[in-house]
Ligand SMILES: [Ca+2]
Ligand SMILES: [Ca+2]
Ligand SMILES: [Ca+2]
């Protein structure tokens with residue numbers, strides 16, 4: 001009984017999102033709680049320079065908890081899934097500290 005009470009952890013990785021392209025050009029990584037690990041990823045997947053994929057590590061364990069895809073790039077997410085949406089980010093230091 002040493003497990004964390006939250007059980008959604010293992011089920012989250014199965015969902016895969018459709019993105020505009022299959023590139024992963026990270027426009028921004030941010031560390032919102034200043035622990036040295038990235039919490040927010042802003043990604044362009046089709047190379048047009050505009051962000052269409054957003055990922056968030058809401059519990060700050062280094063793994064994505066929420067992925068949002070903005071397929072028409074109007075600034076409003078069209079699809080939101082649990083986990084990394086099949087697009088796990090590289091574990092690199094954040095480019096911006098918030
Ligand atoms: Ca962090
Ligand atoms: Ca784009
Ligand atoms: Ca996490």
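No lab work stands behind these numbers, since they all come straight from the coordinates. What you see is a predicted model; the values in this text were computed from it and never measured. Note that we place each Cβ from the backbone using ideal geometry, even for glycine, and neighbour counts take in every protein chain shown.
Structure notes:
- Hits in segment 81-98 (condition: outside any loop (DSSP other than H, G, I, E, B) and away from ligand 1 (no atom under 16 Å from the Cβ)): 81, 82
- Only a single criterion out of (1) crowded, with 18+ Cβ neighbours inside 10 Å; (2) under 12 Å from the mean Cα position of the chain (by Cα) is not satisfied by residue 70, namely (2).
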